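The values are calculated or read from the model by the stated rules, or taken from the named source; none is laboratory data. Keep in mind it's a predicted model, so treat the numbers as computed, not measured. All Cβ positions, even for glycine, are placed from backbone atoms using ideal geometry, and neighbour counts span all protein chains on display.
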Amino acid sequence: MLNASLLPLSNDRASIRPLHPNDATAFAQGTKDPLVQEYAHLPESSYTPDSAAAMIHGDASAGLERGDLAVLAIAEPMDGTFAGSLVFFNVAAESAEVGFWVHPEYRGSGMSAAALELSVDFARHSELKKLTARTAIENTPSQYVLARAGFHEVSRGRGTTPSGSVIDLIHYARSLDESALGRELDPAGTGSAPD
């Protein structure tokens with residue numbers, strides 16, 4: 001289960017935190033971006049400030065309290081400005097799936113990779129052993145971000161997204177076991193992997 005008491009988490013490029021009611025308008029605006037609509041495969045086809053606020057007060061709050069769903073804000077580390085969303089879903093005893101999207105003005109800034117690094121910390125301290133992720137085969141920017149954050153491709157195939165669409169997907173995983181992680185990144189044991 002996810003441990004909400006660990007939040008918020010920050011590094012020098014991003015913060016992840018629970019969604020606040022005042023994030024609703026920025027969340028709804030971000031989901032209107034054509035790339036978010038094409039690749040995020042959000043559960044709702046369209047969000048308004050009111051529907052985003054209802055999600056924040058309802059499913060997001062309840063899921064975080066239960067520990068089986070975390071719909072979080074990706075935010076500026078200095079002032080907490082909403083910049084995108086990171087979600088943990090399909091939470092099981094030892095694993096969870098992670099997904100993310102950012103507003104267009106934050107793309108290319110390293111914020112997605114920084115938020116994924118924080119997601120690894122959050123999952124590890126929640127005592128999970130593995131994080132998984134999926135992305136569309138055409139979504140090369142997300143593939144790059146996942147690889148940069150230490151996720152490794154494990155398979156390809158058709159699958160159902162949170163929106164219910166069936167598409168061709170690349171499946172990724174990242175071990176959270178620090179001893180296994182070293183072997184995974186450096187099987188010969190000759191040194192650490194480059195950043």
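Of note:
- Candidates Ser179, Ser155, Ser95, Ser126, filtered to the one that is closer than 24 Å to Leu2 by Cα, loosely packed, with under 12 Cβ neighbours inside 10 Å and either among the small types (Gly, Ala, Ser) or modelled with pLDDT under 95 (or both): Ser179
Per-residue answers, yes or no, for (1) surrounded by fewer than 19 Cβ atoms within 10 Å (Cβ to Cβ); (2) out of contact with any Leu (no Cβ under 9 Å at 6 or more places or on another chain); (3) modelled with pLDDT under 95:
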residue	(1), (2), (3)
Gly67	yes, no, no
Ala83	no, yes, no
Ser119	no, no, no
Lys130	yes, no, no
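- Every residue from region 94-132 that is in a strand (DSSP E or B) and either aromatic (Phe, Trp, Tyr) or more than 14 Å from Ser142 (Cα to Cα) (or both): Ser95, Ala96, Glu97, Phe100, Trp101, Lys130, Leu131
- Of the helices (runs of 4 or more DSSP H) lying entirely inside region 1-73, those containing at least 1 residues that are basic (Lys, Arg) are 61-66.
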